[in-house]
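Remarks on the structure that follows.
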Amino acid sequence: MPRFAANLTMLFNEHPFLDRFTAAADAGFEAVEFLFPYDHSPQQVADMLHGRGLTQALFNLPPGDWAAGERGIAGLPGREQEFQDSVGLALDYAKALNCKTLHVMSGICPPDADRAHYLETYAGNLRFAAEMLGKEGITVVVEPLNNRDVPNYLIPRPADARQVINAAGAGNLGLQFDFYHAQIMGGDLSRSFEANLDLIRHIQIAGVPERHEPTVGEINYGYLFALIDRLGYDGWIGCEYKPRADTLTGLRWLQQVGAQ
């Protein structure tokens, strides 16, 4: 059975952020992930993580102005220095948390922009991040985000991620495969997952279409978990979904798929 990490941005919202580590550990999770830790100091987050015996599976580099709608700056021409500075900030947290996988969001490409130029910028910034973070044994991942939830996101499909990873050409670059986003952008999940297995370094899950618990909606995760095991993926699977009610009640899905 796959190993699951609690996404503390979406789960355990009944508690303040720093208290969610305890809630996740008490619920039986051995690892966590989240979008961003930057509202708290590296030491504050590390104390909660390590004090609860948890592994930090993943977090994201700073995304730019999130409140204004930015979803990453790595693909935005003219923001290169800002991006390079953000790599250094993320590295401080990664060291404190002993986190070995970081996600670099590409950003949004306006419909009238030169997409090729954005992709070239993204590849260059990924190359920079991979070189800097690779010195610390960190893997950099690219996650496609569906264009229903994030219109005009630069990397909406696994094929787009593969293209830019190949263009960047760094050995510690990989794919973050989110079944929720992949289903919305075309489905054929089993074959898509297997076709990209050589690049996949992290997985995330949620039900489709409402992004609730994995057992709610149109995806057969029982089948997919068996496939993941058969193909030999042994990394973490992030539970990045929005509970329909309280988090603990929603976690009954783990029993349904035989994970508890």
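Checked against the criterion of being in a strand (DSSP E or B) and either open to solvent by 10 Å² or more (accessible area, probe 1.4 Å) or within 21 Å of residue 36 (Cβ to Cβ) (or both), the stretch 107-129 contains one or more residues that satisfy it.
For the stretch 233-250, filtered to residues that are open to solvent by less than 30 Å² (accessible area, probe 1.4 Å) and in a helix (DSSP H, G or I), the residue that is farthest from residue 101 (Cα to Cα) is 250.
Could you please let me know if residue 75 is assigned to a loop (DSSP other than H, G, I, E, B), in contact with a Cys (Cβ under 8 Å, 6 or more places away or on another chain) and surrounded by 13 or more Cβ atoms within 10 Å (Cβ to Cβ)? Yes: the conditions hold for residue 75. All told, residue 90 falls short of being assigned to a helix (DSSP H, G or I) and over 24 Å from residue 201 (Cβ atoms). Looking at the stretch 144-153, which of the residues that are in a loop (DSSP other than H, G, I, E, B) and of a type outside the set (A, V, I, L, M) is nearest to residue 112 (Cα to Cα)? Among residues in the stretch 144-153 that are in a loop (DSSP other than H, G, I, E, B) and of a type outside the set (A, V, I, L, M), the one nearest to residue 112 (Cα to Cα) is 152.
Contact map, the stretch 100-114: residues that are under 13 Å from residue 176 (Cα atoms) paired with residues that are open to solvent by 50 Å² or more (accessible area, probe 1.4 Å), Cβ distance under 6 Å, separation 6+ or inter-chain. Pairs shown: 105/71.
Scanning the stretch 18-37 for residues that are open to solvent by 50 Å² or more (accessible area, probe 1.4 Å) and touching a residue at least 40 places away in the same chain (Cβ under 8 Å) yields one hit, 28.
So, of the residues in the stretch 217-232 that are open to solvent by less than 30 Å² (accessible area, probe 1.4 Å) and in contact with a helix residue (DSSP H, G or I) (Cβ under 9 Å, 6 or more places away or on another chain), which turns out to be farthest from residue 139 (Cα to Cα)? In this case the residue turns out to be 219.
Considering every residue within the stretch 39-60, establish whether at least one is closer than 21 Å to residue 129 by Cβ and either touching a Ser or Thr at 6+ places or on another chain (Cβ under 8 Å) or without any contact (Cβ under 8 Å) to a residue 12 or more places away in the chain (or both). Yes.
The values are calculated or read from the model by the stated rules, or taken from the named source; none is laboratory data. Source: prediction; values computed, not measured. Counting neighbours? That spans all protein chains shown, and the Cβs are built from the backbone with ideal geometry, glycine included. Accessible surface areas use protein heavy atoms only, side chains included; no ligands, DNA or RNA. Shrake-Rupley method; radii C 1.70, N 1.55, O 1.52, S 1.80 Å.
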